[in-house]
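Below you'll find the structure, written out as structure tokens, and then a few comments.
The values are calculated or read from the model by the stated rules, or taken from the named source; none is laboratory data. It should be emphasised that the depicted structure is a prediction, and the values quoted were computed from it without experimental measurement. Positions of Cβ are generated from backbone atoms using ideal geometry, with glycine treated the same way; all protein chains shown enter the neighbour counts.
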Amino acid sequence: MTPFTQHTGIVATLERANVDTDAIIPKQYLKSIKRTGFEAGLFSDWRYLSDGSDDPDFELNRAEFKGASILLTRHNFGCGSSREHAVWAVCQYGFRVIIAPYAGSGEERVPAFADIFRGNSIRNGLLCIELEPQTVESLFKAVAQSPGVEAKVDLEAQTITLPAVEGRVIKFEIEPGVRSILLQGLDDIATTLTSEADINNFEERHNNQLSGCCRGF
């Protein structure tokens, strides 16, 4: 997995809440036994017209969002089924960061990202940033006023900077463990191997105990 330290890219907007995984990557794209080639299916029901051509009314087809690698959207992104293909499609399309707000508060609070989608994102090096609703609203306004604007996301400093918008800097919070995994580019196997010495020591002690028990018979 590629480490994530800093990333600068165009910010594209997706003005929709509760985007489920079937919308992110429709079921007909799940037949592949490979883990690549899913970028064409990303939001395909929204991206394409019935003849297969790009739908000019869909946000991501706007010329100013071409090559965008930061997605700004609404709350509860990635809800629905647990398909990891959804994250693969987002990453293979070219996005490295998704920014979304939470909604509500207390027992009515809805997170920015569905739990399973967020977990799959961590394992694939996709940075999901949750911000306060008013902050995300201001970002939507900034992109509307300056289409094609770029942002710099610094995971080490936990900041989002918009140089073209008076150098605005936004702080974000992320769990230390998630931050460490992304900074180091560790997938599940690599994370486990960071404890290789402890695992080996445990196995050696366990094997010695088994050997001692066997000698007693």
| So which of 86, 103, 112, 142 is touching a residue at least 24 places away in the same chain (Cβ under 8 Å), surrounded by 22 or more Cβ atoms within 10 Å (Cβ to Cβ) and closer than 26 Å to residue 168 by Cα? | 112
| segment 163-201, residues that are modelled with pLDDT under 65, more than 21 Å from residue 122 (Cβ to Cβ) and surrounded by 10 or more Cβ atoms within 10 Å (Cβ to Cβ) | 199
| note | Cβ pairs under 8 Å, 6+ apart or interchain, first in segment 149-162 and in the same structural domain as residue 129 (by TED's automatic domain parsing), second part of a loop (DSSP other than H, G, I, E, B) and among the aliphatic types (A, V, I, L, M), ordered by first then second residue, are 149/164; 149/165; 150/164; 155/174; 158/174; 162/149
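Condition check ((1) surrounded by fewer than 10 Cβ atoms within 10 Å (Cβ to Cβ); (2) of a type in the set (A, V, I, L, M, F, W, C)) across all residues:
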{"residue": "25", "(1), (2)": "no, yes"}
{"residue": "31", "(1), (2)": "yes, no"}
{"residue": "39", "(1), (2)": "no, no"}
{"residue": "42", "(1), (2)": "no, yes"}
{"residue": "45", "(1), (2)": "no, no"}
{"residue": "51", "(1), (2)": "yes, no"}
{"residue": "55", "(1), (2)": "no, no"}
{"residue": "62", "(1), (2)": "no, no"}
